[in-house]
Amino acid sequence: MGEPLATGDPFGTGDPFGTADTRTETGTETGTGSETDADTARAIDLLGRVSFGRLATSMRAMPFVAPARHIVSDGGVVLRIHRGFGYHRACNGSVVAYGADSFDRGGRCVWSVQFIGTARIVCPTDEELLLFGAAPERADGEPFEPVFMRVEPQFVTLHTLEYREEQPNGHAA
């Protein structure tokens, strides 16, 4: 997985979808242990190739989805969100869902990774802070104040879509 990906081969396997197991839920009893581990590793590797995703949980019994910046670190995912949203209070110690995809990149093969896990507020290492890069200046008009949460992915799902032709990454009016 450390090798660069070939165009149209999002997994670096020579097959745009890898094995058939990549379209099943991983982290459960589907497939053998090694296939599940390989599928999870593949999904986490893909997650490391994009910077933003969507965090989902509930707040006061109401579901919400929020944008988040993420990095992959030590097999887990560290999220950076704006403290002013207050979402970290609902997420800390709770089960959350997180998803990211390559849909905005266009191309013949696109993928989507989703997982659930328990979120914990953390203080990122200096190395992790460097991986995040610069924070936004403002969020919804107020100064951006970061809060970081770590989620250990469980019940990882990877979905892929393959098209005959490259798909544009814009919308038609």
From Phe103, Phe148, Phe155, Phe144, which residue is touching a Pro at 6+ places or on another chain (Cβ under 6 Å) and within 23 Å of Ala43 (Cβ to Cβ)?
Phe148
Checklist (1) polar (S, T, N, Q); (2) at pLDDT below 95; (3) surrounded by 15 or more Cβ atoms within 10 Å (Cβ to Cβ); (4) touching a Lys or Arg at 6+ places or on another chain (Cβ under 7 Å) applied to Asn169, failing item:
(3)
Selection within segment 9-67 - of a type in the set (Phe, Trp, Tyr) and either modelled with pLDDT under 85 or open to solvent by 30 Å² or more (accessible area, probe 1.4 Å) (or both):
Phe11, Phe17, Phe52
Considering segment 73-123, residues that are part of a strand (DSSP E or B) and of a type in the set (Lys, Arg), and then whichever is least open to solvent (accessible area, probe 1.4 Å), we arrive at Arg80
Report every pair of residues separated by at least 6 positions or lying on different chains whose Cβ atoms are under 9 Å apart, first residue within segment 54-76 and of a type in the set (Ser, Thr, Tyr), second in a strand (DSSP E or B) and surrounded by fewer than 16 Cβ atoms within 10 Å (Cβ to Cβ).
Thr57/Pro63; Thr57/Phe64; Thr57/Val65; Thr57/Val95; Ser58/Phe64
Name the residue that is modelled with the highest pLDDT, counting only residues in segment 75-109 that are farther than 15 Å from Ala119 by Cα and among the charged types (D, E, K, R).
Asp101
Inside segment 124-140, can you point out the residues that are surrounded by 14 or more Cβ atoms within 10 Å (Cβ to Cβ) and not small (Gly, Ala, Ser)?
Pro124, Glu128, Leu129, Leu131, Phe132
Out of Gly107, Gly141, I need the residue that is farther than 18 Å from Gly48 by Cα, of a type in the set (Gly, Ala, Ser) and free of Cβ contacts under 8 Å to residues at least 24 places away in the same chain. Which one?
Gly141
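The values are calculated or read from the model by the stated rules, or taken from the named source; none is laboratory data. Model, not experiment: these values are computed from the prediction. Cβ: placed from backbone, ideal geometry, glycine included. Neighbour counts: every protein chain shown. Quick note on the areas: whole protein, heavy atoms, side chains included, nothing else; ligands and nucleic acids left out. Shrake-Rupley method; radii C 1.70, N 1.55, O 1.52, S 1.80 Å.
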